[in-house]
Amino acid sequence: QKEVEQNSGPLSVPEGAIASLNCTYSDRGSQSFFWYRQYSGKSPELIMFIYSNGDKEDGRFTAQLNKASQYVSLLIRDSQPSDSATYLCAADRGSQGNLIFGKGTKLSVKP
Amino acid sequence: ETGVTQTPRHLVMGMTNKKSLKCEQHLGHNAMYWYKQSAKKPLELMFVYSLEERVENNSVPSRFSPECPNSSHLFLHLHTLQPEDSALYLCASSQPGTLSYNEQFFGPGTRLTVL
């Protein structure tokens, strides 16, 4: 069974701190990884994707990928209350090309 | 209209009703997806269409019937549903064959309640 695992949280951080969200995946054939943000009652919104080992930065967001450890993370710097949401990690299903999603980590940023 | 749209946004139906969910994408993509999102569960992929052909059916009960008349439109026909089918149904689209072919864009979803 191919899976993507995330800590469901809630993860609570103070405003201005770094929030660190983690994800592991089981399918070594997965090549691309995605982070979606989902506000309560809304649909998922893509915020980052990463294909290569290492870090990828976009504004306050940094995605990190370690294929040897089958580990993906998302760092949010200078966290804001508006970052409070559930963050979904997804991995492609290798050659099949579809996505497997984790259950999501709920992040709460306290003012 | 831009992006991916879904109608209706909310639907309440009885177990004997027949209804349909509609999804339309304005992104020029040629793959479309139906997902089910229930509380405390991961997003569950239900159906995948690529170039209007169904390429995946993830063991979904026959009371859910998809239809893809063209690459911009996707329907989910519902009949004799069960209360446990109550969930948020999300449509997504992507453009296979590009560098970021797995990058899926979601519609706002239909919140379905089965009484």
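What to note about this one:
- 1 or more residues over 24 Å from A:GLY102 (Cα atoms), open to solvent by 50 Å² or more (accessible area, probe 1.4 Å) and not hydrophobic (A, V, I, L, M, F, W, C): qualifying strands (runs of 3 or more DSSP E) within region B:43-99: B:53-57, B:64-70, B:73-79
- Selected residue (only one of B:LYS41, B:LYS18, B:LYS36 is basic (Lys, Arg), within 27 Å of A:VAL4 (Cβ to Cβ) and modelled with pLDDT of 90 or more): B:LYS36
- The strands (runs of 3 or more DSSP E) falling completely within region A:1-108 that include 3 or more residues that are at negative phi and either of a type in the set (A, V, I, L, M) or open to solvent by less than 40 Å² (accessible area, probe 1.4 Å) (or both) map to A:19-25, A:33-38, A:45-50, A:61-66, A:71-76, A:85-92, A:99-101.
The values are calculated or read from the model by the stated rules, or taken from the named source; none is laboratory data. A quick note: this is a predicted structure, and the numbers were derived from the prediction, not measured. Virtual Cβ from ideal backbone geometry, glycine too; neighbours counted across all protein chains shown. The protein model used for the area step is the full one, side chains on, heavy atoms only, and it has no ligands, DNA or RNA in it. Shrake-Rupley method; radii C 1.70, N 1.55, O 1.52, S 1.80 Å.
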